[in-house]
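**Student:** Take this structure first; my questions come after.
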Amino acid sequence: MLNNDPYVTPEKVGAPKGPAISVKSWMLTIFLLAIPIVNIVLLFVWAFGRVTNPSKANYAKASLLWMAIILVIYIAIFLIYFFATTSN
């Protein structure tokens, strides 16, 4: 029987589940993400790899989305600044 409580959501059928990620694993993950260039490569591997824990995959996808949003904002600011300073 379904629970009608709006704050309780039923689990998705067939949703991928993985074991909890240990603190040691998160420490290593954060360390690796602090290394330039390596962080971007690893985020793509974790986001779209098949053997990655679902929690880490979701974190990687969210991080890549934030990077894309920030990149678009930086480009927009640069273009506004560039065209504002070059027009006579």
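**Student:** Which condition breaks for ILE69 when tested against (1) at pLDDT below 95; (2) in a helix (DSSP H, G or I); (3) aliphatic (A, V, I, L, M)?
**Tutor:** Condition not satisfied by ILE69: (1).
**Student:** Here are some residues: LYS12, LYS61, LYS24, LYS17. Which one is modelled with pLDDT of 95 or more and open to solvent by 100 Å² or more (accessible area, probe 1.4 Å)?
**Tutor:** It is LYS24.
**Student:** Is it the case that some residue within region 51-60 is part of a helix (DSSP H, G or I), in contact with a Lys or Arg (Cβ under 9 Å, 6 or more places away or on another chain) and free of Cβ contacts under 8 Å to residues at least 60 places away in the same chain?
**Tutor:** Yes, that holds for at least one residue.
**Student:** If you check ALA84 against the conditions, is it over 11 Å from the mean Cα position of the chain (by Cα), of a type in the set (Gly, Ala, Ser) and modelled with pLDDT of 95 or more?
**Tutor:** In short, no.
**Student:** Name the residue that is nearest to LYS17 (Cα to Cα), counting only residues in region 32-58 that are at pLDDT 95 or above and surrounded by fewer than 10 Cβ atoms within 10 Å (Cβ to Cβ).
**Tutor:** Taking the candidates together, the pick is ALA34.
The values are calculated or read from the model by the stated rules, or taken from the named source; none is laboratory data. Computed from a predicted model, the values in this text were never measured in an experiment. Because the Cβ atoms are built from the backbone with ideal geometry, glycine has one as well, and the counts that use them run over all protein chains shown. Calculation scope for accessible area: heavy atoms of the full protein, side chains included, ligands and nucleic acids excluded. Shrake-Rupley method; radii C 1.70, N 1.55, O 1.52, S 1.80 Å.
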